[in-house]
Amino acid sequence: MIFIAGATGFVGRHLIRSLSSGKYKVRCLVRSDKEAGLCTSPGFETTKGDITDSESLKGKLEGVGIVVHLVGIIKEQGEGTFEKIHIEGTKNLVDEAKFSDVEHFFFQSALGADLRSPFKYLRTKAEAEEIVKGSGLPYTIFRPSLIIGPGDGFTENIKELLRLGPLVPVPGDGKARFQPIFIDDWVRCFLKIIDSRNFKNRVFEFGGPEHLSYNEILKIIMKEMEIKNPIVHIPPAITKAGLPFIQVFRSLGRTFGMKMPDVSPEQIDLLQIDNITDMDSVEHLFGFRPVGFEETIRKTLRNQPDKT
Ligand SMILES: NC(=O)c1ccc[n+]([C@@H]2O[C@H](COP(=O)([O-])OP(=O)(O)OC[C@H]3O[C@@H](n4cnc5c(N)ncnc54)[C@H](OP(=O)(O)O)[C@@H]3O)[C@@H](O)[C@H]2O)c1
């Protein structure tokens with residue numbers, strides 16, 4: 001039995017779809033009753049719980065062989081802080097996994113996770129990795145760069161930004177490089193690890209086959225969406241100072257059915273630093289060539305985000 005925490009998110013939904021061939025038994029953790037219909041395939045079930053509430057996890061891992069921990073946030077909201085979700089949440093899930101003698105614990109971290117990182121997102125991901133590694137459970141940790149596919153948060157934010165027109169604001173010079181990987185390729189990497197012993201107690205850093213600057217990524221998305229508006233670079237400090245106003249416009253926009261990008265000051269700063277690793281990482285680690293970004297974005301934009 002595979003237990004998926006974070007099953008309702010972008011990565012989780014794509015993973016569920018790929019596991020629904022009938023070969024696997026899957027239990028998905030959901031936080032609200034309205035997600036109870038998430039898993040309808042034979043052999044799939046949902047269970048309600050929150051990783052920050054250890055009581056709600058009690059007994060939920062009975063009969064589970066592998067725990068897939070995909071829960072994470074990129075932006076803090078109210079009580080949902082990085083410490084609470086990444087650190088406390090991971091500890092709760094690990095404790096429950098130990099109690100239930102789970103055979104394999106998979107944790108999705110992020111490229112750049114580092115205990116000394118100035119970014120809370122990356123620092124708390126690294127702290128969560130330490131909890132997983134120190135648990136004594138056989139583990140696999142993925143540290144992917146940006147994952148792109150129908151419904152991913154990054155592309156959705158850019159699409160909303162582009163629709164606002166007539167200018168396309170870029171925080172900073174847009175020269176920081178990323179290594180986007182297509183969600184189907186991430187799933188392929190994941191499927192390699194679940195049935196094999198070779199992938200246990202290892203940390204995998206990987207990304208797609210190109211290093212692309214934010215400017216290049218934006219231009220490829222604009223080309224595919226046939227948008228020709230001029231790009232303007234805005235100093236990160238000014239962008240961050242403007243975020244409270246964007247929040248007001250977001251609320252107003254919602255009233256009129258308009259969507260606006262939702263970003264935090266830390267996300268603006270994360271756009272200023274490279275998030276890359278070996279360009280052949282997937283080929284070296286998992287033995288296949290992932291698709292390039294142009295094809296990734298074509299497939300992403302042509303398939304509407306769909307809720308399973
Ligand atoms: N997407 C990327 O480009 C990328 C790159 C590198 C690493 N990652 C990591 O990959 C993981 C999945 O990313 P994603 O893009 O799929 O994120 P996502 O779409 O934001 O999904 C996050 C998931 O976590 C769940 N969640 C949040 N707080 C929770 C809690 N307290 N208890 C239980 N579940 C909770 C959400 O449930 P609700 O639906 O109830 O909110 C949702 O299912 C994250 O850990 C992320 O940091 C993502």
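Residue 297 falls short on exactly one of the conditions (1) modelled with pLDDT of 95 or more; (2) surrounded by 17 or more Cβ atoms within 10 Å (Cβ to Cβ); (3) more than 15 Å from residue 156 (Cα to Cα), and that condition is (3).
Being touching a residue at least 60 places away in the same chain (Cβ under 8 Å), away from the ligand (no atom under 12 Å from the Cβ) and out of contact with any strand residue (DSSP E or B) (no Cβ under 8 Å at 6 or more places or on another chain) narrows it down to one of 185, 173, so name that one.
The unique qualifying residue is 185.
Does residue 32 satisfy being of a type outside the set (Lys, Arg) and within 11 Å of the ligand (Cβ to nearest atom)? Spelling it out, residue 32 is indeed of a type outside the set (Lys, Arg) and within 11 Å of the ligand (Cβ to nearest atom). Every listed requirement among (1) among the hydrophobic types (A, V, I, L, M, F, W, C); (2) surrounded by fewer than 17 Cβ atoms within 10 Å (Cβ to Cβ); (3) under 16 Å from residue 7 (Cβ atoms) is met by residue 67 save one, (2). When restricted to residues that are more than 13 Å from the chain's Cα centre (by Cα) and assigned to a helix (DSSP H, G or I), the range 161-183 contains 4.
If a residue must be within 12 Å of the ligand (Cβ to nearest atom), assigned to a strand (DSSP E or B) and out of contact with any Pro (no Cβ under 9 Å at 6 or more places or on another chain), how many such residues does the range 115-160 contain? Within the range 115-160, residues that are within 12 Å of the ligand (Cβ to nearest atom), assigned to a strand (DSSP E or B) and out of contact with any Pro (no Cβ under 9 Å at 6 or more places or on another chain) number 4.
Would you call residue 47 near the ligand (Cβ under 9 Å from one of its atoms) and either aliphatic (A, V, I, L, M) or farther than 18 Å from residue 127 by Cβ (or both)? No.
The residues in the range 36-74 that are in contact with a strand residue (DSSP E or B) (Cβ under 7 Å, 6 or more places away or on another chain) and acidic (Asp, Glu) can be counted, and the count is 1. Here the range 90-114 is the region considered, the condition is being assigned to a loop (DSSP other than H, G, I, E, B) and within 15 Å of the ligand (Cβ to nearest atom), and the residue that is surrounded by the fewest Cβ atoms within 10 Å (Cβ to Cβ) is 114.
Condition check for residue 67 on (1) near the ligand (Cβ under 9 Å from one of its atoms); (2) under 26 Å from residue 120 (Cβ atoms): one failure, at (1).
The values are calculated or read from the model by the stated rules, or taken from the named source; none is laboratory data. Since the model is a prediction, treat every value here as computed from it, not as a measurement. Neighbour counts run over all protein chains shown; Cβ positions are idealised from the backbone, glycine included.
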